[in-house]
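Worksheet: the structure to be examined is printed underneath.
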Amino acid sequence: MSSQTFSLATLKVEVSKQRKREAPKGRQVDAQALEEVQRLLGAEPRRRDLLIEHLHKIQDNVGHLSLAHLAALAHEMRLAQTEVYEVASFYHHFDIVREGETAPPALTVRVCDGLSCEMAGARDLLARLPQLLAKDVRVIAAPCIGRCEQAPAVVVGRHAVPNARCEAVVAKTKASATRHLPEGHIDFAAYQATGGYALLKACNAGTRDVESVIATLEHSGLRGLGGAGFPTGRKWRIVRAEAAPRLMAVNIDEGEPGTFKDRVLLERDPHRFLEGMLIAAWAVDIARIYIYLRDEYHGCRALLEAELETLRAHPPVAVMPEIVLRRGAGAYICGEESAMIESIEGKRGLPRLRPPYVAQVGLFGRPTLEHNFETLYWVRELVEKGGEWFASHGRNGRRGLRSFSVSGRVRDPGVKLAPAGITIQELIDDHCGGMQDGHAFYAYLPGGASGGILPATMNDIPLDFDTLQPYGCFIGSAAVIVLSDHDTAVGAARNMMRFFKHESCGQCTPCRIGTAKASALIDKPHWDLELLADLSAVMRDASICGLGQAAPNPVDCVMKYFPHELA
């Protein structure tokens, strides 16, 4: 038999085997699970970018994600099962139940173990609550949930328990679950009654022109308030110059430990943010807006859904871009702009390599205007009062205003609107009522978990963009955590590095291995300073995104400013 004849014969046999195969390879789709998934999705589109939204629908209704549900969802969306599984397993808030495993209890109690909550007694809650609650209640530690001013903060199901004590948490687990909207916010009618949306109407009517609005923002010096600090007016010009259609992505993920300003402002005055967002969309000629809200903010999502529904029913202008609200699923990395865009597209939140930048190639490959919530919150007031009004505020040679999220050992924590360039001592004394009784100011984190740690002796540094870098720190989203003589910088660094280890997306080796190695090294009673310094340099130089690049900051600051704690 010739080689050609042999090859043809072999091919025929293989084709015959393929035809005789009764079912495709891989997990078979369970009919009952498929019927359940189809019922839950209803008439919703089966588009790839809706994968995370559909996973939420299943988990919200079933309480977890079984492998049968994942296989059925993959079948329904015409995706590979591996693709669905890798997305579901990436996010902390999806509970995948594998073969042989028991489904989680119907109710989960999440105890925040962020630094501010740890200082306020979170460890005691984690130790005591499992013994006090019913057996069908799960108690787990959770990374920062954005309620640092209410430390220790707990979430029972979808309900936050501020300044939690065991008795209050137990009582909340017994209460019936209801749809919760934060109380006392300015709704659509109240906002319009005080001049709300008048500026948007003026822009759309031609009373205001795009050039003057952008020029006002440039003159004000407003910079991105999510942490990066890119000039707002310049960003609008860059994206506006790109080819249409252009999209907008609004970042309300706010996962940096110590940060809660966006949540507080959203709970108070949602339409001020929405009007600023629509003015930005008008100026840059945006076709569609995506709002990405962190999953921990259940009340904010209910509020925003309700106010968006009212806004759509009573549009202040004739033509508005479509507004899409997307739900995070518990991943700090999605606060990074390109990781957030990946998540909006229904994928794992892995940061993209740059260039290209999202202003050129962002959501769905289109030029994208990406903004933090608070940046847009300021737009209306800045344009109405003028750039000079905003720029006229400031101390110590700085310009503008900042919303500081202050937590820790101060008497009155919360969101403090203060001049840019204020010092930590002025912030504590003038805005926070001083230190708590029995506590002396010892140290502070000027920019959340990744912003570094400074001693109280360095209390005269202006808090603003570009003022802290010479000290190995940065202001980021202005999340200020105050430590007292009851705390240590070493303890704070250990808490932060555990967080970074937990939240690393794992895409790049320097961050994935570096955060785990650093956490293990600093948990030891004696630190290997030379090895930690080498590890820090590698992480800074080789990590893909800001998480790995900034994660060493707390450790480096301890070695530089608190050597007495390592002696």
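The values are calculated or read from the model by the stated rules, or taken from the named source; none is laboratory data. Because the structure is a prediction, the values reported are computed rather than measured. Don't worry about glycine lacking a Cβ; one is built from the backbone with ideal geometry, like all the others, and counts go over all protein chains shown. Each accessible area value is taken on the protein alone, full model and side chains, heavy atoms only, with ligands, DNA and RNA left out. Shrake-Rupley method; radii C 1.70, N 1.55, O 1.52, S 1.80 Å.
Assorted remarks:
- Residues Glu167 and Gln469, FRET efficiency given R0 of 51 Å [Cβ-Cβ distance, rounded to 0.05]: 0.65
- Placing unit charges on the Cβ atoms only, positive for Lys and Arg and negative for Asp and Glu, gives the chain a dipole magnitude near 1520 debye about its Cα centre.
- Rounded to 5, percent antiparallel among DSSP beta bridges of the chain: 40 percent
- The GluC sites (Glu not before Pro) of segment 108-210 that DSSP puts in a loop, and whose beta carbon has at most 16 other beta carbons within 10 Å, are Glu183.
- With the whole protein complex present, Trp527 retains an accessible surface near 30 Å², based on a 1.4 Å probe.
- Take each peptide in 229-235, 495-501, 333-339, 155-161, count the other Cβ atoms within 10 Å of every residue, and average; sorted highest first, the result is 333-339, 495-501, 155-161, 229-235.
- Adding -39500 (n - 2.57) for every DSSP H run of four residues or longer, then dividing by how many residues the chain holds, sets the calculated 222 nm ellipticity at -12500 deg cm²/dmol.
- When the inverse distances between all different Cα atoms of segment 398-536 are averaged and flipped, the Kirkwood radius reads 15.9 angstrom.
- When each of Lys517/Lys560; Lys172/Lys261; Lys135/Lys524; Lys172/Lys347; Lys172/Lys517; Lys261/Lys385 is checked by Cα-Cα distance, pairs over 29 Å: Lys135/Lys524; Lys172/Lys347; Lys172/Lys517
- The largest accessible area among Glu530, Glu342 belongs to the first residue in Glu530, Glu342, and the rest follow in falling order (1.4 Å probe, all chains).
- DSSP bridge analysis restricted to segment 401-513 gives an antiparallel fraction near 70%, rounded to the nearest 5.
- When each of the peptides 216-222, 413-419, 260-266, 477-483 is scored by how many other beta carbons lie within 10 Å of its residues on average, the order from highest to lowest is 477-483, 260-266, 216-222, 413-419.
- Sorting Ile453, Ile186 by accessible area puts them as Ile186, Ile453; the probe is 1.4 Å, largest comes first, and only protein heavy atoms count.
- Estimated from the Cβ-Cβ distance and a Förster radius of 30 angstrom, the FRET efficiency linking Trp389 and Ala287 is about 0.40.
- Cα centroid separation, segment 202-246 to segment 299-328 (Å): 22 Å
- (i) 36, 28, 24; (ii) 43, 32, 23; (iii) 40, 32, 26, with the label sought being that of the calculated semi-axes √(5λ) of the Cα gyration tensor in Å: (iii)
- Sparse-neighbour loop sites [trypsin sites (Lys or Arg not before Pro); segment 98-148; at most 16 other C-beta within 10 Å; DSSP]: Arg98, Lys135
- Put the Cα centre of segment 553-567 next to the Cα centre of segment 428-501 and the gap is 13 Å.
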